[in-house]
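The values are calculated or read from the model by the stated rules, or taken from the named source; none is laboratory data. Remember, it's a predicted structure, so these values are computed and weren't measured experimentally. Cβ atoms come from the backbone with ideal geometry, glycine included; neighbour counts cover every protein chain shown.
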Amino acid sequence: MSNEIYITKTYITDKEPNTWQGTIDYEDKKNIAVKTTWIDDYDLGLFKIYADDEGTEAYFTDRMYNILIIFHGGKIAGYYVNMAGLPHRCDDRLEFTDYAIDICISPDGRYKITDLDEYDAYKYRIDAAERRKMLSELREIKRSLDKKGIEYISQMLYFI
């Protein structure tokens, strides 16, 4: 079996789906870690992502988010949390729906929650039970970051 995987991100907004390729680095019944390489530059405010930066994407079968760790020059540039629907894995594909809300986290633990306005405009497209679970998890991430800082993210990524 190949370790190559295609990840497709759909959106609650009207954006077109986005698909990219990665390599599975770890997988068990609840977690999957995928190594990827960025193809574009992004300025996220608290940190920047550059084309050719490497990343590890962590997906959880029981959590309404995924976490990206971005590396630049061998060091962690930052973390990016996508609030999202549960991922669906089938053969060499993994698919999830982005629920718009993101958390950008610098290596020193500062964070910023973004795209709340986009979420508010399209939240009606998310099942009510999923929406409640996702918002509960968002509050828990925020509380834990405020209390434990970046160590909280590191603990969630024990399998990477």
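Contact map, segment 112-131: residues that are in contact (Cβ under 8 Å) with a residue 60 or more places away in the chain paired with residues that are part of a helix (DSSP H, G or I) and not acidic (Asp, Glu), Cβ distance under 9 Å, separation 6+ or inter-chain. Pairs shown: LYS123/ARG131; ILE126/TYR119; ILE126/MET134. From the list GLY85, GLY73, GLY78, the one residue that fits, being among the small types (Gly, Ala, Ser) and more than 28 Å from LEU116 (Cβ to Cβ), is GLY73. A single member of LEU46, LEU94 is surrounded by 16 or more Cβ atoms within 10 Å (Cβ to Cβ), out of contact with any helix residue (DSSP H, G or I) (no Cβ under 7 Å at 6 or more places or on another chain) and either in a strand (DSSP E or B) or basic (Lys, Arg) (or both), and it is LEU94.
Inspect segment 113-135 for any residue being surrounded by fewer than 19 Cβ atoms within 10 Å (Cβ to Cβ) and closer than 22 Å to TYR26 by Cβ and give the result as yes or no. No, segment 113-135 has no match at all. Does segment 136-156 contain any residue that is modelled with pLDDT under 95, outside any helix (DSSP H, G or I) and in contact with a helix residue (DSSP H, G or I) (Cβ under 7 Å, 6 or more places away or on another chain)? Within segment 136-156 (the criterion being modelled with pLDDT under 95, outside any helix (DSSP H, G or I) and in contact with a helix residue (DSSP H, G or I) (Cβ under 7 Å, 6 or more places away or on another chain)), the answer is no, since none of the residues qualifies.
Within segment 65-92, residues that are over 17 Å from LYS9 (Cβ atoms) and free of Cβ contacts under 8 Å to residues at least 24 places away in the same chain have Cβ atoms under 9 Å from residues that are in a strand (DSSP E or B) and among the hydroxyl-bearing types (Ser, Thr, Tyr) in these pairs: PHE71/THR56, counting only partners at least 6 apart in sequence or on another chain. Within this structure, ALA33 fails the test of being at positive phi and modelled with pLDDT of 95 or more. Can you find even one residue in segment 60-83 that is touching a helix residue (DSSP H, G or I) at 6+ places or on another chain (Cβ under 8 Å), of a type in the set (Gly, Ala, Ser) and surrounded by 17 or more Cβ atoms within 10 Å (Cβ to Cβ)? Looking through segment 60-83, none of the residues is touching a helix residue (DSSP H, G or I) at 6+ places or on another chain (Cβ under 8 Å), of a type in the set (Gly, Ala, Ser) and surrounded by 17 or more Cβ atoms within 10 Å (Cβ to Cβ).
Out of curiosity, is ILE101 touching a Leu at 6+ places or on another chain (Cβ under 7 Å), surrounded by 14 or more Cβ atoms within 10 Å (Cβ to Cβ) and under 21 Å from TYR42 (Cα atoms)?
The answer is yes for ILE101.
Within segment 4-32, the set of residues being basic (Lys, Arg) and within 24 Å of TYR158 (Cβ to Cβ) comprises LYS29, LYS30.
For every residue, the table says whether it meets (1) acidic (Asp, Glu); (2) under 21 Å from ILE113 (Cβ atoms); (3) part of a strand (DSSP E or B).
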position	(1), (2), (3)
TRP20	no, no, yes
THR23	no, no, yes
TYR26	no, no, yes
ALA33	no, no, yes
ILE39	no, no, no
ASP52	yes, no, no
THR56	no, no, yes
TYR59	no, yes, yes
